[in-house]
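Student: Supplied in structure tokens, the structure appears directly below.
The values are calculated or read from the model by the stated rules, or taken from the named source; none is laboratory data. Values in this document were obtained by computation on a predicted structure and should not be read as measured data. Here the Cβ is made from the backbone with ideal geometry for all residues, glycine too, and neighbour counts use every protein chain on show.
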Amino acid sequence: MSVLRIVSYNIHKGRSASGARESLSDLRLGLYNLHPDLLFLQEVQGRNERRTTLHAQHESLGAALAMDVCYGCNVVRPQTDHGNALLSRFPILQYENQDISDHRLEQRGLLHAVVEVEGRPVHCIVVHLGLFNGGRTRQVMALVDRIKRMVPAHEPLLIGGDFNDWNNRLAPLFVEQLGLFEVFAFSPRYEEAEGTLRGSVLRMGRNLGRPPFLRPTTLSASVHELGVNGGARMTPPPRTFPAAFPFLRLDRIYQRGFAVRKARVLQGQPWRQLSDHSPIFAELELP
């Protein structure tokens, strides 16, 4: 039995939530203190010819955390590029970056790696989906197709990333097509920012009712996951964006083949200043 500490985090290219200052050094320390086994990172700069302190961020983090690294470049600009990265305490056996861009204005990819955990292959996929609903659905179908072709049903699977799925319409696809469940579906009940002013405001808002633009319009928009018996779980995944006062549910970790010990969003200091997203932390048990 192995217990894995998993983090999924959009690091905002190593800049603070406002973008006004560099945060990579503080982010490196924050991640080090979590003692992660697997890091699913989005918006990682592989190249920055303007600022050497922001160059090769995956390599810098990997060296500081003593982790294996693989990087998938998605967005290429004249002096920079960025994409997804996987950092692993376990050996990375192989990896491939697949282009899932839906149109020219958004370059998106999925980074699929296989790591070896105590002699067992574990498939890890890092994703950052598009901003438009139709494009996200097509990107998820490309992800589903890849998994059906390349991931044996009996091998453990983790998907972490920024899904930009604030209305949670994609969750049923993962459950129905792949038997994947978001980690908060089976973790102890998560109460957002309990004991804080923000938590009190959120609970008050739930009691008073949501504004129309945040109300789910379909069952799939409000369903967290489908239970193993086909029943719907109506508790939504937690809010992760913006980090200073999260109200959108953008980030996820999906799993298959694990037992979930705990899952939570890391809020407060230092996380609210390191990126515009809050990271998700999960502790998973591999039987």
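Student: Any residue at all in the range 161-175 that is at pLDDT 90 or above, surrounded by 14 or more Cβ atoms within 10 Å (Cβ to Cβ), in contact with a strand residue (DSSP E or B) (Cβ under 7 Å, 6 or more places away or on another chain) and not in a loop (DSSP other than H, G, I, E, B)?
Tutor: Yes; the residues of the range 161-175 include at least one that is at pLDDT 90 or above, surrounded by 14 or more Cβ atoms within 10 Å (Cβ to Cβ), in contact with a strand residue (DSSP E or B) (Cβ under 7 Å, 6 or more places away or on another chain) and not in a loop (DSSP other than H, G, I, E, B).
Student: For the range 260-270, which positions are surrounded by fewer than 20 Cβ atoms within 10 Å (Cβ to Cβ) and within 14 Å of Tyr9 (Cβ to Cβ)?
Tutor: Arg264, Leu266, Pro270
Student: crowded, with 22+ Cβ neighbours inside 10 Å and at pLDDT 95 or above, is that true of Leu110?
Tutor: Working: crowded, with 22+ Cβ neighbours inside 10 Å: yes; at pLDDT 95 or above: yes.
Yes; evaluated as a whole, the condition is true for this residue.
Student: Look through the range 57-78, keep the residues that are at pLDDT below 95 and assigned to a loop (DSSP other than H, G, I, E, B), and return whichever of them is nearest to Asp162 (Cα to Cα).
Tutor: Looking at residues that are at pLDDT below 95 and assigned to a loop (DSSP other than H, G, I, E, B), I get Arg77.
Student: Same structure again: Can you tell me how many residues in the range 115-149 are surrounded by fewer than 19 Cβ atoms within 10 Å (Cβ to Cβ), modelled with pLDDT of 95 or more, in contact with a strand residue (DSSP E or B) (Cβ under 7 Å, 6 or more places away or on another chain) and closer than 20 Å to Phe90 by Cβ?
Tutor: 3
Student: Determine if the range 73-86 includes at least one residue that is farther than 21 Å from Ser16 by Cα and in contact with a Gly (Cβ under 7 Å, 6 or more places away or on another chain).
Tutor: The answer is yes, given that some residue of the range 73-86 is farther than 21 Å from Ser16 by Cα and in contact with a Gly (Cβ under 7 Å, 6 or more places away or on another chain).
Student: Continuing with the same structure: If only one of Pro78, Pro152 is of a type outside the set (Asp, Glu) and under 20 Å from Gly46 (Cα atoms), which one is it? Show your work before the answer.
Tutor: Details: Pro152 fails: under 20 Å from Gly46 (Cα atoms).
Criteria check complete, one pass: Pro78.
Student: Using the structure shown, decide if Tyr32 is closer than 15 Å to Leu266 by Cα, in a strand (DSSP E or B) and not acidic (Asp, Glu). Lay out the reasoning, then the answer.
Tutor: Values: closer than 15 Å to Leu266 by Cα: yes; in a strand (DSSP E or B): no; not acidic (Asp, Glu): yes.
The answer is no for Tyr32.
Student: Would you tally the residues in the range 265-287 being touching a strand residue (DSSP E or B) at 6+ places or on another chain (Cβ under 8 Å), at pLDDT 95 or above and either in a loop (DSSP other than H, G, I, E, B) or over 19 Å from Leu86 (Cβ atoms) (or both)?
Tutor: Total meeting the criteria: 8.
Student: Search the range 224-249 for residues that are farther than 17 Å from Phe186 by Cα and at pLDDT below 80 and pair each with any residue that is hydrophobic (A, V, I, L, M, F, W, C) and surrounded by 17 or more Cβ atoms within 10 Å (Cβ to Cβ) when their beta-carbon atoms are under 7 Å apart and the residues are at least 6 apart or on different chains.
Tutor: none
Student: For the range 65-105, which positions are crowded, with 17+ Cβ neighbours inside 10 Å, more than 21 Å from Leu38 (Cβ to Cβ) and among the charged types (D, E, K, R)?
Tutor: The answer is Asp81, Asp102.
Student: Could you list, in sequence order, all residues of the range 35-52 that are of a type outside the set (D, E, K, R), out of contact with any helix residue (DSSP H, G or I) (no Cβ under 7 Å at 6 or more places or on another chain) and without any contact (Cβ under 8 Å) to a residue 40 or more places away in the chain?
Tutor: If the condition is that a residue be of a type outside the set (D, E, K, R), out of contact with any helix residue (DSSP H, G or I) (no Cβ under 7 Å at 6 or more places or on another chain) and without any contact (Cβ under 8 Å) to a residue 40 or more places away in the chain, then His35, Thr52 are the ones that fit.
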